[in-house]
Every structure is written in C-alpha cells, then in structure tokens.
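> The structure follows.
The values are calculated or read from the model by the stated rules, or taken from the named source; none is laboratory data. Because the structure is predicted, anything quoted here is derived from the model rather than measured. Because the Cβ atoms are built from the backbone with ideal geometry, glycine has one as well, and the counts that use them run over all protein chains shown. Remember, those area values only see protein heavy atoms, side chains included, never the ligands or the DNA or RNA. Shrake-Rupley method; radii C 1.70, N 1.55, O 1.52, S 1.80 Å.
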Amino acid sequence: MRGLTIRDAEVRGQRVDVRIRDGVIEAIGTDLAGDGAVIEARGGALIPGLADHHCHVMAIAARRSSVSLAGAVTLPEVERRIRAAAQRVSGWIRATELDETRVGLPDADVLEAVCPGRPLRVQDRTGALWLFNRTGLAALGEPADALERGQKGQLTGRLWRGDGWLRQRLGGDVPDLSTIGIALNAMGVTHVTDATATNDAASGAIFSAVRRSGALTQHLTLMSAGELEAPRDGSWRVGPVKLLLDERDLPPLDDLVARIAAARAQGRAVAAHCATDGELALMVAALGEIGAWSGDRIEHGSMIDAAMIPMLAALGVTVVTQPAFVHDRGDRYRATIPADQHDDLYRIASLDKAGVPVAASSDAPYATLDPWAGMRAAVDRTTARGAPLGQGERVTAARALSLYLGDPDDPGRRTRRVAVGEPADLCLLHTPLEEALRVLDASLVAATIIGGMIPDGTARLA
C-alpha cells in the first residue's frame, strides 16, 4: 500500500482529510482527492502514534510463557503454582513476579524442596534478581562469579543483575514477539524503546529478523550497556548507553564518569537506571562533573527528593518515568514509604513546573504494557485499592497523553506532530480528542498506522 487517505478526521480541533503517500503525510485539508485505500474516520481524532520510551521486549515475551507468582503472599502458595506448572511443562520451570516483601528470598535448598529434581529459576518482582534451586544450579554448569555465595562459600542460588550471563548459559529459542506487536498495535503504539542493558549484536540480530518478518511492526530503538551498531537495513536504531546503577553496589564516582565518557566516545547519550535516592544522587554528581548532553536520561525517577529537582533542571536531563507504578504498586508504597515522601514517587507535575523534560513509558513486563493505563495513573494518582498517592504530582489528561508522544530520539523535548511532511506513524481514535481525554482507554483506538500502513488485523473501524 503506497497511498492512504483518512477522511473526516479531527486534527488539532479541525475536521479534515489527511492524505499519506510513501509513509509520509502528503497533504491535510478538506475534500482531498483520495490516493489508494480510504479510511472513514467519522470525526475521530488523529494523533501521533504512541511511544513506549522504556520497556523490555524479550522479557515481555518470556514472562508470557512463565509461571506468574503475582499476588502470592506465602511460600505454600508459591509452591502450589510452581508444582502445577511442573505438571504441564518440560525442562526448565521459569517463574516471575516473586514478592520478596511477602515471601522473602528463598535460597537454593528451599526452592529445591518446592520443586525437587526439576531445574527452577524464579525472578523477583523488580527483575533484578534470579533465584535457582539446587537442580537449576547444577544445570547451569560450572559456577561463575556472578552467582552469590554465602559466608561459607556455598552457592545461595541468587543471581543479581546477571541476565546477560544467564542468557549465554541457557541459550534458548527466539521468543515469539508477534503477539506483543499485535497488542501494541491495538493500543496505538508505533514506537518502542527497548531499555535492556544486555542488548548486543546477538539480540540485535533477533530484533532485525522479527522486524523484517513483520512480527514486530513498531519502530524500534535499542539501548545497550556496550557498543552497538545499527543494522544496514534500518530495522532498528541505536539508543543511549544504559547505565545500570544498583543501590546494593554503587560504583565509585570516577568509575561512573569514565563509563559516561566511554558513551560519549561512541557519540551516544546515556540513560541511567535511577530507582532510589542514592542512585539518582550519584548520577547527578557524575553528570555535574562531566557535563550533560542533550538526550541524557534518568530512567524511572522512582524517588526524586524535592532538593534534586533544581539540579535536574540545571543539567537539562530528561526523566523517563512510569506513572502506572503508582497504581500497580501504590498500596505497597503507602504501607512502606512515609507519607511525606509520597510526592517523591514518579514525579511529573513538579518536574514540569521546574522545566525538567519528562516522558512516560511502561517498563513492561514489570508494569502494564498499556500506555492508556499509565495516562490514567498520571491523572488520578490513585492505587489499585483507590487510595490517593502523591496527589500533588497529578497532571491533566492532555499532559498525560503528551508524555507518550515524544520523539524516541529525544523524548520529553520533541513531540511528534500530525503535519505535512511528518512520518505517517499515527493513531486514529473512535472519538474526538476531548472525549478521548475523559476516558483514556485503549478501546478508543480505531486504527494504528505505521509507515503509512495499517498492520494486518489491528484496525477496529466498524
């Protein structure tokens, strides 16, 4: 399909026709001559396609084939779910979303009792930690330094931030990403940034293959901790260097500055995982020493003390946050974080006021993939149980939507537009924008247009 005309769409408050040719918006006006296929919008809003500025695509696919431990509050409940899975799958048993605040962190011996004789690996709810039973440790082969040891030198079964090493040991088939692409299309998402630090040439080749096959239709940007070269066919773009800071083992300031300098040598900005005050303070200090680039990012900004906001504004660094966590984990935050720090969680309004660039994302699979749920959380700031959490950080529905409309190359600073000459990566809604902002729900998406084309099976135009 080279040409596409969308008739009677609402664009910036006006009902117009939009003609697309060769993946670019060619004309906007009334009574335009059609070109190729025609979509009747019937007054529905036409907006830029949504962008998820931080997620983990492979992990989303892997979680869909894993045992979910979400909501399990006792070890017997964990055991029941894992043993049920052991009856229907062969080989490794993979479980996710273990809530360590409820269940604790069982060691290899405890997990062996839970699942005797079968290799088992369990991921905590943050995605930072893997837990193995004794059979699983044996299946991994010769132990590596990455695996934690107890005081007597014994393997505990815990692996912190070891996804890259684990992938090398286990190998495995390429996950099916087609269902993820379809889900994103249904929600109006046209751009995805994969923020996985372990991305490398091998994972890049996988992404190239799924993009070429059409299994994943979204425009794709990959972060990585090391060097990364974009493919010649343009199937994905290279994003910032991911700096995976961990409160448990923060690097010396000089080491972090050196890592930023190495990114600069590649011509790349940096994106630092900052989920705690300590991680954020270290990153701000490092950028203060070496200097910030346009495109440098703070990922998550889970906790931002008010005193840090002027420093972020002075640096000009962008915060890429995940408002859906306010809903998904808000009740836990209310129980564990003092009330006077609730506004520190996933800030938006105060950052806006200070002139700090802000964009939003899902961090899926660790929160919902649905950007519309993130928008609702940014507007309401209520938990799953309906309790308020940091109401001072609420934003308008229009602002919540705009958080997902950024340019993936510079989110928070450049917002994509529906305008002549712009790429035809669009989201058509069933309703005018004013009504859509009252609802903020993925069911409003009538069609997703990527590169001027509607991916098969994703339009809901009836």
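> At 7 Å along Cα-to-Cβ for each site, give me the label-to-label distance between Arg15 and Gln168 in nm.
My value for the distance between the label points is 6.2 nm.
> Can you give the percent of C-alpha pairs in segment 100-258 whose distance is more than 20 Å?
61 percent
> Same structure, new question: Taking the Cα centre of each part, how many Å lie between segment 371-415 and segment 13-92?
The two parts, judged by their Cα centres, are 18 Å apart.
> Compare the peptides 364-376, 228-240 by average per-residue count of other Cβ atoms within 10 angstrom and give them in order, highest first.
364-376, 228-240
> Helices from the chain with mean Kyte-Doolittle at least 0.0 and a Cα length along the axis of 15 Å or more, per DSSP H: which?
201-213, 253-265, 277-290
> Let me ask another. Give me the percent of Cα-Cα pairs in segment 95-183 that sit more than 20 Å apart, rounded to a whole number.
Taking all Cα-Cα pairs of segment 95-183, the fraction more than 20 Å apart is 38 percent.
> Rg/Rh for segment 293-439: what does it come to with C-alpha atoms and Rh from Kirkwood?
Taking Rg over the Kirkwood Rh, I get 0.97.
> Sticking with this structure for a sec: Among DSSP beta bridges whose residues both lie in segment 315-462, state the antiparallel percentage, nearest 5.
Among the beta bridges of segment 315-462, antiparallel pairing accounts for roughly 70 percent.
> Related question: Need one number: nm distance between label points at Ile206 and Ala62, each 7 Å from Cα along Cα→Cβ, rounded to one decimal.
Between Ile206 and Ala62, the simple spin-label model gives 0.8 nm.
> To the nearest 20 debye, what charge dipole does segment 61-140 have about its Cα centre, counting +1 at the Cβ of each Lys and Arg and -1 at the Cβ of each Asp and Glu?
Charge dipole, segment 61-140, about its Cα centre: 420 debye, nearest 20.
> A further question follows. Å³ per residue of the Cα convex hull, for segment 365-404?
Taking only Cα atoms, segment 365-404 has a hull volume of 72 Å³ per residue.
> Report the residues of segment 398-428 in range of a label on Ala37: point 7 Å along Cα→C-beta, backbone N strictly under 17 Å from it.
It comes to 424-428, nothing else.
> Equivalent ellipsoid semi-axes for segment 96-143, as square roots of 5 times the alpha carbon gyration tensor eigenvalues: give them largest first, rounded to whole Å.
19, 12, 8
> Going through segment 126-185, which trypsin sites (Lys or Arg not before Pro) have at most 15 other Cβ atoms within 10 Å and a DSSP loop state?
Lys152
> How many percent of the accessible area of the chain is carbon or sulfur, using a 1.4 Å probe?
51 percent
> Hey, any idea what the orientation-averaged projected area of the convex hull of segment 10-58's Cα atoms comes to, in nm²?
Averaging across all directions leaves 5.2 nm² for the Cα convex hull.
> Taking only the Cα atoms of segment 301-376, how large is their convex hull per residue, in Å³?
84 Å³
> Let me ask something else about it. Among [x] 22.8, 79; [y] 21.9, 68; [z] 23.3, 72, find the value of Rg and Dmax of the Cα atoms in Å that was calculated from the structure presented, and write down its label.
[x]
> Cα convex hull of segment 202-312: mean projected area in nm², to one decimal?
If you wrap the Cα atoms of segment 202-312 in a convex hull and average its projections, you get 7.9 nm².
> With every protein chain present, what is the per residue accessible area of the chain (1.4 Å probe, Å²)?
On a per-residue basis, 42 Å².
> More than 17 angstrom separation, counting every C-alpha pair in segment 388-462; what % is that?
Value for segment 388-462: 57 percent of Cα pairs lie more than 17 Å apart.
> Hey, any idea what Rg/Rh is for segment 326-413, computing Rh the Kirkwood way over Cα pairs?
Value, to two decimals: 0.96.
> From the mean inverse distance of alpha carbon pairs (Kirkwood) and the Cα radius of gyration, derive Rg over Rh for segment 133-210.
My calculation of the ratio gives 1.10.
> Order the peptides 82-95, 431-444, 116-129 from the highest to the lowest mean number of other Cβ atoms within 10 Å of their residues.
Ranking, from highest mean packing down: 116-129, 431-444, 82-95.
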